[in-house]
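One structure below.
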Amino acid sequence: MYRILKKQKLNASVVRMEIEAPLAAKHARAGQFVILRADARGERIPLTIAASDKARGTVTVIYQIVGGATMSLDRLEAGECVADLTGPLGRPSAIEGLKRVVVVGGGVGCAIALPLVRALHEQGSYVVAIAGFRTAEIVILEEEFSALADEFYLTTDDGTRGEHGNVCMPLARCIEGGKFDAVFTIGPLPMMKFVAKTTEPYKIPTIASMNPIMIDGTGMCGCCRLTVGGERKFACVDGPEFDAHLIDFDEAIARSRTYRAFEAAARARHCNLYQRSENEGGRYE
Amino acid sequence: MNNSRIPMPVQAPEERIKNFSEVALGYNEEAAISEAERCMNCKTHPCTAACPVGVRIPEFIACIKEGRFEEAYSVVRADNALPAVCGRVCPQERQCEGSCLRQKAGGPIAIGRLERFVADRHAAQGGTPSKAPASGRKVAVVGSGPAGLACAGELAARGYAVTVFEALHLAGGVLAYGIPEFRLPKRIVNQEIAALEEMGVTFVKNAVIGRSLTVSELRAEGFAAVFLGTGAGLPNFMNIPGENARGVFSANEYLTRINLMKAYEEDAETPVFRAKQVAVVGGGNVAMDAARCARRLGAEVTVVYRRSEEELPARREEVEHAREEGIGFAFLTNPVEVLTREGDVCGLRCVKMQLGAPDASGRRRPTAVAGSEHDRAADCVIMALGTSPNPLIGQTTEGLELRGRGEIFADENGRTSLRGVYAGGDAVTGAATVILAMGAGKRAARAIDEDIRSGIL
């Protein structure tokens with residue numbers, strides 16, 4: 001069960017895996033996620049579905065090697081199996097009827113932005129894709145975005161590829177210059193916070209895909225709770241996508257650091273592969 | 001004849017707070033027989049009447065008296081699909097033992113301990129359950145907690161091909177993710193599940209009904225009936241300031257990390273918050289479980305409960321064990337704010353409460369005492385305030401009638417508003433007990449059997 005059919009490195013720390021999981025593939029849609037465990041002792045890792053193939057009965061996920069659990073996952077090769085895979089979880093992206101859309105991805109979040117761009121493209125929407133990275137070396141999925149988006153802008157923090165700067169620069173130009181029905185954003189929390197700030201004065205509906213710490217993914221642990229418009233929401237069953245103008249990003253950022261000491265220890269235990277991911281998609285201090 | 005209740009051998013408190021192994025060690029044959037001999041086999045059998053699944057208690061105790069342990073097990077098993085579990089987690093003092101006529105004569109018969117004894121002894125002997133002739137019909141059970149397991153067991157015994165769908169990677173529901181190892185060892189849960197598998201029940205894990213497959217798809221796949229035993233898993237919070245700070249957890253999260261993910265083990269991949277001073281808010285079994293887990297992880301622990309000791313809904317034994325383990329209790333105390341420093345919990349602001357007239361639950365309603373605000377130090381707060389039904393099935397099953405907080409509407413035999421769809425346990429009643437859920441699962445299984453036989457399905 002849950003055999004890995006393909007494994008491909010996208011950059012030094014980001015990997016794409018296609019996994020056999022017919023039950024999860026059957027109803028999988030853009031915006032939803034799966035939870036998998038590498039082995040019998042493994043942590044439950046929530047990963048957004050990057051692609052799914054009902055006929056082959058597979059889902060594709062893209063993960064960044066950031067901690068103990070993803071390091072364990074990365075030890076598995078094509079032909080081997082992950083212990084568990086559950087899904088699809090969460091609500092699909094609400095994209096119906098949207099004509100002109102900007103999709104902003106940051107770092108490994110671009111892996112999640114891509115299926116959304118694909119779904120929008122397939123329903124005939126005009127899609128602007130913006131992808132931000134720290135540096136040229138870690139740019140992923142450039143060809144895929146170019147092929148599917150009507151306009152594509154690439155930024156790097158250090159200017160080693162594409163535009164020098166963060167994703168909000170091309171975003172501001174787009175929304176200044178044209179009318180858009182919605183902006184979707186997927187990436188590090190500080191990036192999404194600033195995307196929301198950029199679009200707010202223009203009153204463009206802006207949707208952020210949240211990826212908080214969670215365990216079961218079915219509403220039971222309450223660990224993934226967020227404050228959205230003053231109300232408590234569970235990302236796993238009420239989301240993962242929410243109105244970015246209403247999300248309390250500062251609280252989400254604080255909560256995402258609950259286990260940082262544990263995570264640092266786990267990384268030290270495993271090896272030093274870790275690369276900081278928090279600032280991908282641009283610096284916003 | 002022995003007059004007072006035979007004590008249960010336990011791990012010493014100072015030892016057990018350093019491990020997660022079972023606290024109560026169980027009777028041996030001699031202790032079981034002595035305890036059984038205390039039963040007067042009274043005419044009215046109030047114990048059986050007080051048992052939610054109607055176990056023929058005096059009959060199985062009579063077997064123990066005569067050393068016919070396997071027969072005792074069969075008597076229990078005829079009405080209770082999970083005796084090793086119930087012997088450990090039922091609130092006996094409010095059911096069978098609470099109605100025992102020996103209350104004042106050395107204490108009630110230790111029915112729970114005897115039930116556990118016969119079940120454990122049976123498991124150690126390795127008996128095989130009997131298989132019923134196949135009926136040729138398939139039934140789907142959603143959720144592998146107490147309601148689902150009881151329903152599956154009853155249906156399998158009647159010859160149905162049962163498939164149990166479980167959202168998590170392990171079967172058992174609350175028995176797996178909620179109740180800690182030291183109160184219910186997971187090998188006991190696994191034994192019960194293995195016994196069902198031997199009877200022909202299939203378990204499909206990692207299947208979230210409502211997402212991976214819908215209820216109507218299950219019907220379309222040829223399941224004559226679908227039983228929903230999806231439980232009440234959605235944690236409630238207090239809606240007080242600071243509740244989303246780092247260091248505030250639902251008891252569900254805290255317990256799931258520990259029980260399901262084994263986060264207390266040295267090399268676990270899943271983290272659990274290592275706190276110094278924990279406040280657990282609530283007074284039920286879940287609150288006791290969370291408090292005792294936190295203690296085992298090395299914290300000083302206080303249970304904060306808004307009513308008085310008398311109203312504690314937890315099993316009496318759990319409260320006693322918690323006390324022995326050095327857990328403190330702040331009764332008539334209610335949090336009004338979680339205090340934070342730079343996003344981390346640093347305390348709990350509380351008010352004192354007083355009890356007024358009885359409320360709808362029959363318990364005296366607590367109200368805040370004016371000017372009684374005070375702060376308690378804590379670097380971790382665990383909210384054990386009860387749970388609401390899981391919303392996924394309700395959201396994705398057209399025509400399924402729900403009530404108040406999303407409980408599935410079902411009659412006393414588990415029939416819902418949809419033909420062929422049955423429900424029972426916490427999903428219907430809201431958070432309750434293992435044994436009540438099992439009773440509901442069993443009744444629904446009988447209704448399913450009846451409806452299939454009569455040609456309705």
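Derivation of every value follows stated rules applied to the coordinates shown; laboratory data play no part. As the structure is a prediction and not an experimental result, all values here were calculated from the model. Glycine gets a Cβ as well: all are built from the backbone with ideal geometry, and neighbour counts include every protein chain shown.
Overview of values
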| quantity | calculated |
| --- | --- |
| Dipole axis of the stretch A:51-168 (+1 Lys, Arg; -1 Asp, Glu on Cβ), positive-most option in A:I65, A:L89, A:L76 | A:L89 |
| Alpha-carbon radius of gyration plus Dmax, which is the widest Cα pair, for the stretch A:31-90 in Å | 11.2, 33 |
| Residues whose placed amide H lies under 5 Å from that of A:V104, excluding near-sequence neighbours | A:I130, A:F184, A:T185, A:I186 |
| Length-normalised contact order of chain B in % [C-alpha pairs under 8 Å, at least 6 apart] | 16 percent |
| Dipole-positive endmost among A:V128, B:L114, A:A147 within the protein assembly as shown (Cβ charges, Cα centre) | B:L114 |
| In degrees, nearest ten, helix A:189-199 long axis to first principal axis of chain A (Cα) | 20 degrees |
| Point-charge dipole on Cβ atoms (K/R +1, D/E -1) for the protein assembly as shown, about Cα centre, debye to 20 | 920 debye |
| Label-point separation in nm, B:E320 to B:N413, each point 7 Å along Cα→Cβ | 4.1 nm |
| Integer Hz, Karplus 6.51/-1.76/1.60 couplings in order for the stretch A:65-72, x for Gly and Pro | 7, 10, x, x, 5, 6, 5, 4 |
| Where labels lie 7 Å past Cα in the beta-carbon direction, separation of B:S454 and B:A370 in nm | 6.0 nm |
| Mean Cβ count within 10 Å, highest first, over the residues of peptides A:98-110, B:41-53 | A:98-110, B:41-53 |
| Other-chain or far-sequence residues with amide H under 5 Å of A:Y126's (modelled H) | A:R100, A:V101 |
| Sorted by Cβ density within 10 Å, fewest first, the residues B:R341, A:R134 | B:R341, A:R134 |
| For the stretch A:38-46, Karplus couplings with θ = phi - 60° (6.51, -1.76, 1.60), whole Hz, Gly/Pro x | 5, 9, 5, 9, x, 6, 7, 9, x |
| Average projected area [Cα convex hull, chain B], square nanometres | 22.9 nm² |
| Rounded to 10°, Cα long-axis angle of helix A:110-122 versus longest principal axis of chain A | 60 degrees |
| Peptide ranges B:23-29, B:271-277, B:442-448 listed from the most packed, as the mean C-beta count within 10 angstrom indicates | B:442-448, B:271-277, B:23-29 |
| Interchain or long-range residues, amide H under 5 Å from B:R137's placed H | B:A161 |
| Gain upon complete extension [B:E309, B:T396; 0.36 nm per residue less C-alpha separation] | 27.2 nm |
| Neighbourhood charge, 15 Å Cβ-Cβ cut-off, centred on B:G178 and excluding it, Lys, Arg +1 and Asp, Glu -1 | 0 |
| Relative contact order %, chain A, counting alpha carbon pairs below 8 Å whose residues are six or more apart | 18 percent |
| Cα gyration tensor shape of the stretch B:237-385, rounded if a/c is under 1.5, else prolate or oblate by comparing a/b with b/c | oblate |
| Alpha-carbon gyration tensor eigenvalues x 5, square-rooted, for the stretch A:100-256, Å | 25, 17, 16 |
| Sequence ranges A:77-85, A:241-249, B:294-302, ranked by mean other-Cβ count within 10 angstrom, highest first | B:294-302, A:241-249, A:77-85 |
| Whole-number D in µm² s⁻¹ for the stretch B:96-184, Kirkwood Cα-pair radius fed into Stokes-Einstein, 4 °C, 1.567 mPa s | 81 µm²/s |
| Furthest towards positive pole of dipole, B:Q354, B:N334, B:G298, structure part the stretch B:237-385, Cβ charges | B:Q354 |
| Label point distance in nm, B:E71-B:N3, each placed 7 Å from Cα along Cα→Cβ | 3.1 nm |
| Average beta carbon contacts from partner chains per residue of B:260-273, 10 Å cutoff | 5 |
| Share antiparallel - DSSP beta bridges, the protein assembly as shown, percent rounded to 5 | 50 percent |
| Gain on full stretching of the segment that runs from B:D344 to B:E266 - 0.36 nm per residue minus C-alpha separation | 25.6 nm |
| Total charge dipole magnitude, the stretch A:100-256, about the Cα centre, Cβ charges on Lys, Arg, Asp, Glu only, Debye to nearest 20 | 300 debye |
| Within chain A, helix-based [θ] at 222 nm, where runs of 4 or more DSSP H residues each add -39,500 (n - 2.57), nearest 500 | -7500 deg cm²/dmol |
| For the stretch A:223-230, 3J(HN,Hα) per residue [Karplus equation, 6.51 cos²θ - 1.76 cosθ + 1.60, θ = phi - 60°, Hz, x = Gly/Pro] | 5, 8, 5, 9, 9, 10, x, x |
| Magnitude of the charge dipole, chain A, Cβ model with Lys/Arg +1 and Asp/Glu -1, debye to 20 | 500 debye |
| Between helix A:260-270 and chain A: long-axis angle, C-alpha atoms, 0 to 90°, nearest 10 | 50 degrees |
| Förster radius 35 Å - calculated FRET efficiency between A:A55 and A:T135, Cβ distance, rounded to 0.05 | 0.40 |
| Loop trypsin sites (Lys or Arg not before Pro), the stretch B:87-159, which have at most 14 other Cβ atoms in a 10 Å radius of their Cβ (DSSP) | B:K104, B:K131 |
| Two-decimal log10 I(q)/I(0) for chain A, as the Debye equation yields it once each C-alpha is a single scatterer, q = 0.10, 0.11, 0.15 Å⁻¹ | -0.48, -0.59, -1.17 |
| Solution diffusion estimate, µm²/s, Stokes-Einstein, the stretch B:145-248, Kirkwood Rh from C-alpha pairs, 20 °C, viscosity 1.002 mPa s | 138 µm²/s |
| Computed [θ] at 222 nm, helices only, for chain B once each DSSP H run of length n ≥ 4 contributes -39500 (n - 2.57) | -9000 deg cm²/dmol |
| Percent RCO, i.e. relative contact order, over the stretch A:100-256, from Cα pairs under 8 Å lying at least 6 residues apart | 19 percent |
| Gained length - B:S361 relative to B:S135, 0.36 nm times residue gap less alpha-carbon distance | 77.0 nm |
| Computed Kirkwood radius, in angstrom, where 1/r is averaged over Cα pairs of the stretch B:13-125 | 14.2 Å |
| Approximate shape of the protein assembly as shown as ellipsoid semi-axes (Cα gyration tensor, √5λ), whole Å, largest first | 48, 30, 23 |
| Efficiency of FRET from Cβ geometry, A:K179 and B:E14, R₀ 51 Å, rounded to 0.05 | 0.10 |
